[in-house]
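FYI, it's all coordinate maths here, none of it is from the lab. Quantities reported herein were computed from a predicted structural model and do not represent experimental measurements. A quick note on method: Cβ atoms are made from the backbone with ideal geometry, for glycine too, and the neighbour counts reach across all protein chains shown.
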Amino acid sequence: MTSVNKTAIVLIDPYNDFLHPKGKVNQLLAESLAATNTISHLQNLVTTARAQKIPIYYGLHQQVKAGFLAGWEHATVMQQGQRDHKTFEEGSWGVEIYEGLEPDVEGNGDVVVSKHWCSSSFSNTDLDYHLLWISVSWTVTDGGTRGYHVTMLKDATAGFTTVAKDAATDLIWPLFANEVLTVEEWKKSL
C-alpha cells in the first residue's frame, strides 16, 4: 500500500499545445492519446489526487519568447523545433494548462516548479528541492537516480505513436521504475 503522506504526483507538460486537439503538437500525439484514453486517465488521476489530498507538482516546459535559445551552441533538435514553430509560446493559449488539469495551489497544495528546458522536470529546476522539503519518497524518471521510489502510470501518458508509447511503457519504463501501473491500479494501492 502506498503511503499517501509521502506521495506526490509529478504532472509533466499538461499544456494545451500537447493535449488539446487544436494544440500545435497534438496531431503528433493524437493517435497515442486516443489509443490510451490519456486525457480521461489524467483527469481521473487529478480527481483522485484531490480526493486524497496528494499534491501535484507541475513540471512545465520553458516557453518560447524573444531570445529563446539565443547564443546556445548545442540546442537539441526538439528545442530548435520548439523555437522555430513557436510551440509553447509565452502568453499563448497553447501554454495554458488543459482544462480540468489546472493546479489547485490553495485547496490541494499543488506547486508549479521552475520550468525545464528539455524532457526532465528535475534538471535545472527546483522540483527536487520541493519534494525533499515535504519528505516525498516516490516520484518519476530522474527520481530513481536520486533515490526516489518510482511509479509510472502507463495509461496517463502518450507518445508520438502508439508503438513508441507502448515501447516506452512496456520495455523502457520497467528498467528504471519500481512499478509501472495503470491509474486504477495506483488508486487501489492508496
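Would you mind telling me the antiparallel percentage of the DSSP bridges in the chain, rounded to 5? Don't jump to the answer; show the numbers that get you there.
On the way: 1 of 15 bridges.
In the chain, DSSP labels about 5 percent of beta bridges as antiparallel.
With a Cα cut-off of under 14 Å and a minimum spacing of 8 residues unless on different chains, the lysine pairs in the chain number 7.
Close amide H contacts of Gly159 (hydrogens built in the peptide plane, cut-off under 5 Å, sequence separation of 5 or more or a different chain): Ser32, Leu33, Lys165.
Counting other C-beta atoms within 10 Å, and keeping those with at most 12, which DSSP coil chymotrypsin sites (Phe, Trp or Tyr not before Pro) do you find in segment 6-74?
Numbers: sites: Tyr15, Phe18, Tyr57, Tyr58, Phe68, Trp72; in loops: Phe68, Trp72.
In loop regions of segment 6-74 (DSSP not H, G, I, E or B), the sparsely surrounded chymotrypsin sites (Phe, Trp or Tyr not before Pro) are Trp72.
For Rg and Dmax of the Cα atoms in Å, the candidate list reads (1) 19.1, 62; (2) 16.2, 49; (3) 16.6, 52; the entry that matches the value derived from this model is (2). Between Asp104 and Trp72, the simple spin-label model (points 7 angstrom out along Cα→Cβ) gives 3.5 nm.
Between amide H atoms placed 1.01 Å from N, distances below 5 Å from His116 occur with Leu60, His61, Gln62, all of them 5 or more places distant or on a separate chain.
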